[in-house]
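Structure, as C-alpha cells:
The values are calculated or read from the model by the stated rules, or taken from the named source; none is laboratory data. Computed from a predicted model, the values in this text were never measured in an experiment. Glycine gets a Cβ as well: all are built from the backbone with ideal geometry, and neighbour counts include every protein chain shown.
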Amino acid sequence: MNQHQKLNYVEFPARDLLSTKSFFTQAFGWNFTDYGPDYTAFSDEGLDGGFFRSEQHSTTDSGSALLVFYSEHLEQTETNIRQSGGEIVKPIFPFPGGRRFHFTEPSGNEFAVWSDK
C-alpha cells in the first residue's frame, strides 16, 4: 500500500544481477521481475525495491544506510545466508534489544539480520 510521505521503495547497485537474484531467492524466498537486462525488482518483502546493474556496492564502511531483516530464528537465517552464497561480515553479537549479524550478498551489498529471540 502506498502511503503519503512514507518510505516506499529502495534500490541497490549490483554488479552481478543473476547471482544477486539467485542469492535472495535461495536465502529468503524472494521473487523478481526483470525490466530489461540491467534492472530487476522485488515486491512484498517488507519494502519493495530493485537492483540496478552497477560496479558499486552499498556498505556501512562507505557510509551507506543499513537495511536490517528480522528473523525469529537468527542462527537458521545465518545458515541459510551462508548456504546461499552470502558472506558473514560481522558474526552474531548482542545489542540492546536483541542480537544481530551483518552479511554481504554476492554483489557486495551489506545487510543485517536481527532477532529479539
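The table below gives the values:
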quantity: Those residues of segment 25-74 which are β-branched (V, I, T) and under 16 Å from the mean Cα position of the chain (by Cα), in sequence order; calculated: T25, T40, T59, T60, V68
quantity: Candidate set from segment 72-100 (those that are in contact (Cβ under 8 Å) with a residue 24 or more places away in the chain and assigned to a strand (DSSP E or B)); member that is nearest to L17 (Cα to Cα); calculated: R100
quantity: Sole residue being of a type in the set (F, W, Y), in contact (Cβ under 8 Å) with a residue 40 or more places away in the chain and surrounded by 15 or more Cβ atoms within 10 Å (Cβ to Cβ), chosen from F69, F103; calculated: F69
quantity: Neighbours by Cβ (under 7 Å, 6+ apart or cross-chain): first from segment 20-33, farther than 16 Å from R82 by Cα; second among the hydrophobic types (A, V, I, L, M, F, W, C) and part of a helix (DSSP H, G or I); calculated: W30/F24
quantity: Residue among S115, S71, S64 that alone is within 16 Å of W30 (Cβ to Cβ) and modelled with pLDDT of 95 or more; calculated: S71
quantity: Any hit, segment 82-95, residues being in contact with a strand residue (DSSP E or B) (Cβ under 7 Å, 6 or more places away or on another chain), among the acidic types (D, E) and under 16 Å from E11 (Cα atoms); calculated: no
quantity: Positions within segment 11-24 being outside any helix (DSSP H, G or I) and surrounded by 15 or more Cβ atoms within 10 Å (Cβ to Cβ), in sequence order; calculated: F12, P13, A14, R15, D16
